[in-house]
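A.B. asks: Provided herewith is a single structure, encoded as structure tokens, for subsequent inquiry.
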């Protein structure tokens with residue numbers, strides 16, 4: 001499933017207020033390096049109370065979203081590809097711009113496995129990966145690429161849910177998964193160039 005999406009689009013020729021008026025604005029941030037002011041806000045899914053972050057400057061609009069939390073209210077379960085695309089289609093109408101044209105800046109792809117033992121029990125059997133630096137922090141095992149913006153991580157989803165609070169309230173584990181050992185694998189692609197390498201063509205959200 002897609003666990004996290006960051007994407008942006010050039011709006012140099014479009015009045016930025018057109019998009020700001022379609023979000024709940026919570027503040028402004030000015031970058032003194034680029035002399036750019038960003039209006040930061042969000043759009044809420046009224047069913048789950050989860051939010052998609054939206055930032056707008058006079059030149060660019062950016063979105064940040066965890067599709068599974070936005071659609072299902074949690075990111076332990078996996079929203080279907082069709083549900084994700086339908087949601088993006090609806091958000092395009094709500095925001096007033098086709099999100100499919102947005103350039104992907106970060107994409108986290110993930111899967112949660114129900115395992116017999118806690119995740120840390122499996123870490124000694126997960127070997128090194130050529131081109132990656134392997135290291136462990138508490139209940140997470142990381143593989144950081146040596147020369148690219150790519151990270152792979154195995155971690156305990158139950159512990160992550162217990163300690164992490166996000167927009168729309170604290171995360172939760174669905175009733176049918178409570179008491180289970182949930183081992184999460186995540187591949188984080190941290191740039192458009194890395195995303196393009198994986199999908200083989202221009203990395204647009206569409």
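A.B. asks: Of the conditions (1) touching a helix residue (DSSP H, G or I) at 6+ places or on another chain (Cβ under 6 Å); (2) farther than 30 Å from residue 49 by Cα, residue 92 clears all except one; give me its number.
C.D. replies: It fails just one condition, (2).
A.B. asks: Name, by its number, the condition in (1) surrounded by 14 or more Cβ atoms within 10 Å (Cβ to Cβ); (2) out of contact with any helix residue (DSSP H, G or I) (no Cβ under 9 Å at 6 or more places or on another chain) that does not hold for residue 35.
C.D. replies: It is condition (1) that residue 35 fails.
A.B. asks: Restricting to the range 19-44, what's the tally of residues that are out of contact with any strand residue (DSSP E or B) (no Cβ under 8 Å at 6 or more places or on another chain) and under 25 Å from residue 84 (Cβ atoms)?
C.D. replies: 0
A.B. asks: Got a sec? Which of 125, 143 is loosely packed, with under 14 Cβ neighbours inside 10 Å and either more than 25 Å from residue 77 (Cβ to Cβ) or out of contact with any helix residue (DSSP H, G or I) (no Cβ under 7 Å at 6 or more places or on another chain) (or both)?
C.D. replies: Only one candidate passes the filter, namely 125.
A.B. asks: Considering the range 71-98 alone, what residues qualify as being under 15 Å from the mean Cα position of the chain (by Cα) and under 21 Å from residue 9 (Cα atoms)?
C.D. replies: Matches in the range 71-98: 84, 85, 87, 88.
We did not get these values from a lab; they are worked out from the coordinates using the rules stated. Note that the structure is predicted; figures quoted are calculated from it, not measured. In this analysis, Cβ positions are derived from the backbone assuming ideal geometry, glycine residues included, and neighbour counts consider all displayed protein chains.
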